[in-house]
Amino acid sequence: MPDPISFIDEQLGRFRDELYDFLRIPSVSTDHEHTASVQAAAAWLAERMEAAGLTSELIETSGHPIVVGEWRGAPGAPTVLVYGHYDVQPPDPLDEWTSPPFEPTERDGRVYARGTADDKGQLYMHVKALEAHMASTGALPVNVVFVAEGEEEIGSPNLVPFVEANRERLACDLILISDTDMFAEDLPALLFSLRGLSYFEVNVKGARSDLHSGNYGGAVANPANALASILASLHDDRGRVAIPHFYDDVVEWDAETLEQIAALPHDDEEYRADLAVPELAGERGYGTLERIWIRPTCDVNGLLSGYTGPGAKTVLPNKAMAKVSFRLVPNQDPARVSDLFRLHVAAVTPPGVTVEIKDLHGGRPWKAKLEGPAYDAAREALKEAYGTAPVPMGGGGSIPIVIDFEEQLEAPALLLGFAQPGCNLHAPNEWLRLVDIEKGIKTLALLYGKLGA
Ligand code: BES
Ligand code: MN
Ligand code: MN
């Protein structure tokens with residue numbers, strides 16, 4: 001029997017073909033037209049877990065199923081809870097894809113398709129790493145409970161109650177997640193934090209209907225103008241969020257982490273040029289990596305009002321809408337941010353309009369408990385597979401379930417991802433490097449081995 005690493009080398013072609021089958025299933029969780037495909041992706045994954053030697057169960061919820069895979073044949077060895085998501089973001093805008101989003105296509109050492117990086121490709125690496133152990137030694141080095149959900153991209157509405165109701169079954173020593181980036185090509189990373197999220201829809205209402213902007217303009221409040229002034233009040237001229245008390249709960253990071261961030265090979269000019277912006281922007285007094293990892297933000301994610309068709313229409317709109325979200329850092333709380341945001345909007349809303357605010361997603365930020373044997377094992381595994389020791393990095397995005405897992409299961413989470421920065425997650429032409437499929441599976445196989453030893 002070969003060892004896990006030679007097994008991976010031998011089977012890599014089949015692994016890739018299987019992953020491409022998975023990627024062909026358009027498991028878009030937010031779109032009801034794709035419900036059958038989300039189900040199909042769950043069933044497909046359960047079957048692959050079985051083929052790898054785990055038992056699997058497809059747990060129906062009021063939304064999309066949770067797939068649980070288990071293997072508990074290593075008494076005395078630690079239990080690892082692996083988490084990932086098999087749902088993906090919608091592929092739009094479709095005409096900006098070079099090859100179809102659900103037809104995996106290899107170009108320049110990468111495979112392009114929706115879900116390659118976020119998160120089907122990375123989730124699948126775990127299945128294959130476990131298979132490599134099972135096939136080469138007939139057992140796994142650790143006990144495994146594998147939880148894959150189909151609702152991460154819509155805020156995990158059914159996973160939190162599932163975790164709360166299944167604490168015994170999900171009991172573990174370590175939570176292991178691959179749903180993030182490396183720092184750069186061939187520079188792997190271990191995450192020290194994730195940002196949280198508070199997401200709102202703001203609706204401003206004015207007169208009973210749209211009006212002629214000549215007949216009424218000047219005498220009746222314009223919701224588009226009002227919304228613009230509300231949105232403009234959210235930042236000060238130093239790039240800080242101008243909501244009173246917004247920064248109250250933000251923790252200052254230790255000097256060591258700040259030094260590690262400063263030591264990373266980041267080049268602002270390269271970053272600027274790649275994004276094709278005239279200059280970088282953000283909170284004064286912080287560098288780019290600090291701004292995207294350890295500082296909170298406020299962004300308008302969408303805007304709608306008035307006439308937006310061709311040419312001009314002299315209309316005074318009677319409504320305006322904005323999607324507004326905040327990225328949060330430890331120890332900000334989405335519920336508190338919601339209260340502060342509502343108070344602030346009420347205080348700055350101009351007369352003549354009414355404002356309604358809906359809470360959409362929310363998720364708490366996460367800070368890693370970085371030390372311990374699991375982290376050493378991950379460092380070594382990455383170093384062996386990539387030839388370079390990992391750097392510590394923050395995650396600008398959010399995976400709200402991480403902190404719920406940690407609290408409910410009283411185990412630490414370890415986040416190591418194999419996507420590259422710039423991999424177009426959530427955007428057209430999402431990709432994953434072929435070499436990261438191979439090295440990712442090898443890293444994880446090595447890591448499982450070390451965790452068991
Ligand atoms: N995998 C991402 C989160 C991520 C990406 C974290 C890169 C760190 C680095 C996840 O699938 C995601 O997209 N999360 C959403 C939040 C969710 C509640 C919709 C996000 O961050 O916008
Ligand atoms: Mn993800
Ligand atoms: Mn995502």
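Can you spot the lysines whose alpha carbon is less than 30 Å from Lys319's alpha carbon? Ignore those fewer than 8 places along the same chain.
Lys205, Lys358
Just how far, in whole angstrom, is the range 287-349 from the range 37-106 if you go by their alpha carbon centroids?
Centre-to-centre distance over Cα atoms comes out at 33 Å.
Quick one: grab the alpha carbon gyration tensor of the chain, order the square roots of its eigenvalues as a ≥ b ≥ c, and give me rounded if a/c is under 1.5, else prolate or oblate depending on whether a/b is larger than b/c.
Cα axes put the chain in the prolate bin.
If you line up the long axis of helix 35-52 against the longest principal axis of the chain, both from Cα atoms, how many degrees apart are they, to the nearest 10?
Roughly 20 degrees, rounded to the nearest 10.
In the range 120-221, what GluC sites (Glu not before Pro) fall in a loop by DSSP, with at most 16 other Cβ atoms inside 10 Å? Can you show the working numbers first?
Values: sites: Glu131, Glu149, Glu151, Glu152, Glu153, Glu164, Glu168, Glu185, Glu201; in loops: Glu151, Glu168, Glu185.
Sites meeting the loop and neighbour criteria: Glu168, Glu185.
What's the magnitude of the charge dipole for the chain around its Cα centre, counting Lys and Arg as +1 and Asp and Glu as -1 at the beta-carbon? Answer in Debye, nearest 20.
The dipole magnitude comes to about 1080 debye.
Would you grab the residues whose amide H sits under 5 Å from the one on Asn429? Only those 5+ places off in sequence or on another chain, please, with H modelled 1.01 Å from N.
Thr98
Given only helices, namely DSSP H runs of n ≥ 4 each adding -39500 (n - 2.57), what is the per-residue ellipticity at 222 nm of the chain, to the nearest 500 deg cm²/dmol?
-10500 deg cm²/dmol
Based on the Kirkwood radius over alpha-carbon pairs, what is the Stokes-Einstein translational diffusion coefficient of the range 247-395 at 10 °C with 1.306 mPa s viscosity, in µm²/s?
In µm²/s, the coefficient is 81.
Quickly rank 401-408, 420-427 as a protection proxy: mean count of other C-beta atoms within 10 Å, highest first. Walk me through the numbers on the way to the answer.
Numbers: 401-408: 19.4, 420-427: 17.6.
Per-residue mean Cβ counts within 10 Å order the peptides as 401-408, 420-427.
Filter the trypsin sites (Lys or Arg not before Pro) in the range 173-224 to those in DSSP coil with at most 11 other Cβ atoms within 10 Å of their Cβ, and list the result.
Arg208
Provide Cys172, Cys298 in ascending order of the number of other Cβ atoms located within 10 Å of each residue's Cβ, fewest first.
Details: Cys172 22, Cys298 19.
Going from sparsest to densest Cβ surroundings: Cys298, Cys172.
Going by how many other Cβ atoms sit within 10 Å of their own, how do Ser27, Ser6, Ser62 line up, fewest first? Walk me through the intermediate numbers first.
Numbers: Ser27 29, Ser6 12, Ser62 7.
Lowest to highest Cβ neighbour count: Ser62, Ser6, Ser27.
Give the residue list of GluC sites (Glu not before Pro) in the range 264-369 that are DSSP loop and have at most 15 other beta-carbon atoms within 10 angstrom. Each step should come with its number before you reach the end.
Numbers: sites: Glu269, Glu270, Glu279, Glu283, Glu290, Glu356; in loops: Glu279, Glu283.
Of the GluC sites (Glu not before Pro), the ones in loops of the range 264-369 whose Cβ has at most 15 other Cβ atoms within 10 Å are Glu279.
Do any of Lys128/Lys383; Lys128/Lys369; Lys367/Lys439; Lys128/Lys367 go past 24 Å between their Cα atoms, and which? Please list the in-between numbers first.
Details: Lys128/Lys383 20 Å; Lys128/Lys369 27 Å; Lys367/Lys439 26 Å; Lys128/Lys367 28 Å.
Correct reply: Lys128/Lys369; Lys367/Lys439; Lys128/Lys367.
Taking a ≥ b ≥ c as the square roots of the eigenvalues of the Cα gyration tensor of the range 358-452, is the shape rounded (a/c under 1.5), prolate (a/b larger than b/c) or oblate?
Note, shape of the range 358-452 comes out oblate.
Pairs of Cα atoms under 8 Å, at least six residues apart: use those to get the relative contact order of the chain, whole percent.
In percent, rounded to a whole number, it is 26.
Placing +1 on the Cβ of each Lys and Arg and -1 on the Cβ of each Asp and Glu in the chain, which of Met182, Tyr199, Ala165 has its Cα farthest towards the positive end of the resulting dipole?
Tyr199
Sorted from fewest to most neighbouring beta carbons within 10 Å, what does the list Val88, Val251 look like?
Ascending number of Cβ neighbours within 10 Å: Val251, Val88.
Restricting to the chain, what percent of DSSP beta bridges are antiparallel, rounded to 5?
Of the beta bridges lying entirely in the chain, close to 70 percent run antiparallel.
Taken together, the values in this text are just the output of simple stated rules run on the coordinates, not laboratory data. These figures come from a predicted structure and were not determined experimentally. Virtual Cβ from ideal backbone geometry, glycine too; neighbours counted across all protein chains shown.
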